[in-house]
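The values are calculated or read from the model by the stated rules, or taken from the named source; none is laboratory data. Keep in mind it's a predicted model, so treat the numbers as computed, not measured. Cβ sites come from the backbone with ideal geometry, for glycine too, and all protein chains shown count toward neighbours. Areas reflect the complete protein model, heavy atoms only, side chains present, ligands, DNA and RNA absent. Shrake-Rupley method; radii C 1.70, N 1.55, O 1.52, S 1.80 Å.
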Amino acid sequence: MFEGASNFAKGVDSVFLFIFAVSFFFLIGISAIMVWFVIRYNRKKHPKAVQMKDNMKLEITWTVIPFILVMLMFYYGYVAFEPMRNAPKDAIEVKVTGQMWSWSFEYDNGKISNELVLPAKKAVKLNLYSPDVIHGLYIPAFRIKQDVVPGKNNFMWFIPNYNGTYEILCSAYCGLRHSFMEAKIRVVSDEEYQKWLAEKSPEMLENAGLAVMQNNACTGCHSLDGSPLVGPSFKGLFGSKRIVIENGEEKTVVADSTYIKTSIMEPDKQVVKGFKPGMMRAYSTVIKDDDIKSIILYFEKQSKQPK
Amino acid sequence: MTSKTTALPPGSFFDQQGKYKGILGWLTSTDHKRIGIMYLMCILVFFLVGVTLGGIMKLELLRPGAQYMDAQTYNGMFTVHGIIMIFMVVIPGLSAVFGNFFLPIMIGAKDVAFPRLNLFSWYLFLLGSTIAVLSQFGGNGPDTGWTFYAPYAINSKTNVSTAVLAAFVLGFSSILTGLNFIVTVHRMRAKGMTWFKMPLFPWSLYATAWIQVLATPIVGITLLMVIAERTLRIGFFDPSLGGDPILYQHLFWIYSHPAVYIMILPAMGAVTEIIPTFCQRKVFGYQAIVLSSLAIAGVGYLVWGHHMFTSGMSDFSRMAFSFLTFIVAIPSAIKVFNWIATMYKGSILIKTPFLYTISFIFQFMIGGLTGLTLGALATDIHVHDTYYVVAHFHYIVFGGMGFAFFAAIHYWFPKMFGRMYDEKLGTVAWAIVFSGFTLLYFPMFILGLRGMPRRYFDYLPEYSSGHFISSIGAFVLIIGIILMVYNLVKAARTGELAPANPWNGRTLEWKVASPPPLENFDHDVEVTEHPYDYE
């Protein structure tokens, strides 16, 4: 198991240790007795069974002792869990959006990122939001997990102990690319965090459209490198000829700004041949007009770059 | 092998009954023994299909990355594996097969209380199973997992409605069987068989039947609500229609947690028959075993929330459900202690049924003890929705209920089919099944503790060694299962004739011929002694 990467890790691990120790004791003990009986009272050696009377004292003993032990387990489990539900007031708040099939993180100052960058030794509260189905935000190294439920304001909080990079996984089954819904947490020093928070990454600034797409999980289904995922790849999109199915008829269209806008607003109107309709929701109320413009701008710029 | 097979003695329930011959004679028979065997045949076929799907998944997971299929196929596959194994194999499992065959005989009755309703239940089971199979054809098979969680299941474009309808119909089969068994136990016991002279397998079926009757309607209604929401867009569970996804989880687990006890209680009951017989000893703590069965059935209703510790329900509910979950651990522990105590100073015959029984106890303990970390709040948060849960669940349902089924089929085989299976082959198959099982599921505990989430088509490279070992285990297990089934199928056709009481058992089924005659007893039964009096 890991070292204590978060403030909860140590407490959780000690509950594990306690329950495992008791469990191993009983498992090994009872199994050994069982095997011993089976060998000792094998019919070859012990052809005649001895009938025993019920023994009330024995039965009470083996009811009371497990009862006490499980009550202890319940108690320790609760004590280590309880602080997970009480986030400090001064915690850094980050809005986490989990949607099919990527994560994005929005900070107080409006900065949106696909990587969760945090300062070490500071309390962080993650407010969990899902626009589609249930996801699960799971950070194995931190021993915490919380479902991201649409229509519910779930949260989790923790203090990362050490600088380093940790995995974020999706724990609640959410469909096709559930197992690819990952992100990273990068825990850094406070200065580095402040610096990172203040700067807009040059790449993002230049490619605002790309940032919009990443934050809306577009790239969870449409790759940038040409590989087909759930939807067609974005590589070389602008100005290319597309064979699409519209009202059941096949036709060829050019991927211009109108086409891109329609595909975002009404994805099922023209579906690229070879892909299934109904896989993508309409983003007409989700992505603002300005953002769609910057997406189109991004694709246009990509097409002009020398190959 | 000398291919000379002696015919079964005349007068058994295998002889023609009613006006139809052959297969039609079976399909129209209301004899509880024939219905039990028809369930056995169906469940065997479904089990092998489920095993095959599981095997294909393990083949895919042998190495990281896509090997033989895409993610959609994999997601469909674990869904249908779950639907088949849960609704068509383990929930009917012991109670439909051995309950039907042995409940009336063990309480000295000629049949169940409502024989025609019993046959109707089997037809419902067949209908539900057929609908489940149909959900795989025409469009895409469902991809929601067997839990059909909202809002994913509300909006999935796959054949979710068909699969949900199948589970709904299968539920009715379960309710009617439960009802039948409750009335049978109340009204049909032989003269002199007081409640506390009833053998423990019927007791466990009785406790189970109450769960079937009281809990199954809830999932029935819930599944109808899913269909209504999908087709009529009534907002029960999908927040975009104004529903609440957590409500779905509550309603689903109010049934589906007790369903685990529907599976495991008859398994415990069967094991409680096998141990006294193979130890030739009076069962230790008869009353404690009865009361623990009833306690499990009762408290088992109130623990469903432990499936939802990360869902965002109130902190108080989490605490209350954690507390109740620990309470339900006690009666299970009591049963284990009673089983071991029954072996003390017994005269133990080590044959295939007993080997499956002791491996059942071992695996059930692992399943139960790992359940403690899932009941404790702090630890559950870490391992919830990971392979740890998958391992725990398979240790209980397969290592527990599955192995008890294997023990029971070997134990009662001579009585049901009137022939003996090959003991040596049976032992070899057990050894392979047991090793394969351990190799397949134990590494999953480690994977889960290290953070491997469940229902993943692909995984990070650090989890690959665990998956590799687990997949090897799956192939070993499948070889063992094939050998076991081969042994039993061969024995049913050509095995040596079995005596009426091959294991020297005391309960009533060993006092009639093997296989039993049509109405079980040729005279009215009167019971005077306790079912496990060996002296």
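Within the stretch A:74-82, is even one residue in a helix (DSSP H, G or I), of a type in the set (Val, Ile, Thr) and open to solvent by 80 Å² or more (accessible area, probe 1.4 Å)? Within the stretch A:74-82 (the criterion being in a helix (DSSP H, G or I), of a type in the set (Val, Ile, Thr) and open to solvent by 80 Å² or more (accessible area, probe 1.4 Å)), the answer is no, since none of the residues qualifies.
For A:Val50, indicate whether it is β-branched (Val, Ile, Thr), touching a residue at least 60 places away in the same chain (Cβ under 8 Å) and at the interface with another protein chain (Cβ under 9 Å from one of its Cβ atoms). No, not satisfied. Exactly one residue out of B:Ile296, B:Ile330, B:Ile350 is in a helix (DSSP H, G or I), aliphatic (A, V, I, L, M) and open to solvent by 10 Å² or more (accessible area, probe 1.4 Å), and it is B:Ile330. Of the residues making up the stretch A:234-258, those that are open to solvent by less than 40 Å² (accessible area, probe 1.4 Å) and out of contact with any strand residue (DSSP E or B) (no Cβ under 6 Å at 6 or more places or on another chain) are A:Leu237, A:Ser240, A:Glu246.
Residues of the stretch B:410-436 that are open to solvent by less than 10 Å² (accessible area, probe 1.4 Å) and closer than 19 Å to B:Ile43 by Cβ: B:His410, B:Tyr411, B:Trp412, B:Phe413, B:Lys415, B:Met416, B:Ala429, B:Val433. Identification of helices (runs of 4 or more DSSP H) wholly contained in the stretch A:120-235 with 1 or more residues that are within 20 Å of the chain's Cα centre (by Cα) yields A:208-215. Checking each residue in the stretch B:353-368 for being surrounded by fewer than 23 Cβ atoms within 10 Å (Cβ to Cβ) and among the aromatic types (Phe, Trp, Tyr) picks out only B:Phe362. Across the stretch B:209-220, not a single residue is classified as surrounded by fewer than 24 Cβ atoms within 10 Å (Cβ to Cβ), more than 26 Å from B:Gly76 (Cβ to Cβ) and small (Gly, Ala, Ser). Restricting the first member to the stretch A:68-81 and to residues that are within 7 Å of another protein chain (Cβ to nearest Cβ), and the second to residues that are among the basic types (Lys, Arg) and open to solvent by less than 10 Å² (accessible area, probe 1.4 Å), the beta-carbon pairs closer than 9 Å and six or more apart or on different chains are A:Tyr78/B:Arg318; A:Phe81/B:Arg318.
The residues in the stretch B:369-399 that are facing chain A (nearest Cβ under 9 Å) and either among the polar types (S, T, N, Q) or open to solvent by 10 Å² or more (accessible area, probe 1.4 Å) (or both) can be counted, and the count is 8.
For the stretch B:30-65, a tally of residues being among the hydroxyl-bearing types (Ser, Thr, Tyr), open to solvent by 10 Å² or more (accessible area, probe 1.4 Å) and in contact with a helix residue (DSSP H, G or I) (Cβ under 7 Å, 6 or more places away or on another chain) returns 1. For the stretch B:492-533, the candidate set comprises residues that are outside any loop (DSSP other than H, G, I, E, B) and in contact with a helix residue (DSSP H, G or I) (Cβ under 7 Å, 6 or more places away or on another chain); within that set, the residue that is nearest to B:Met420 (Cα to Cα) is B:Ala492.
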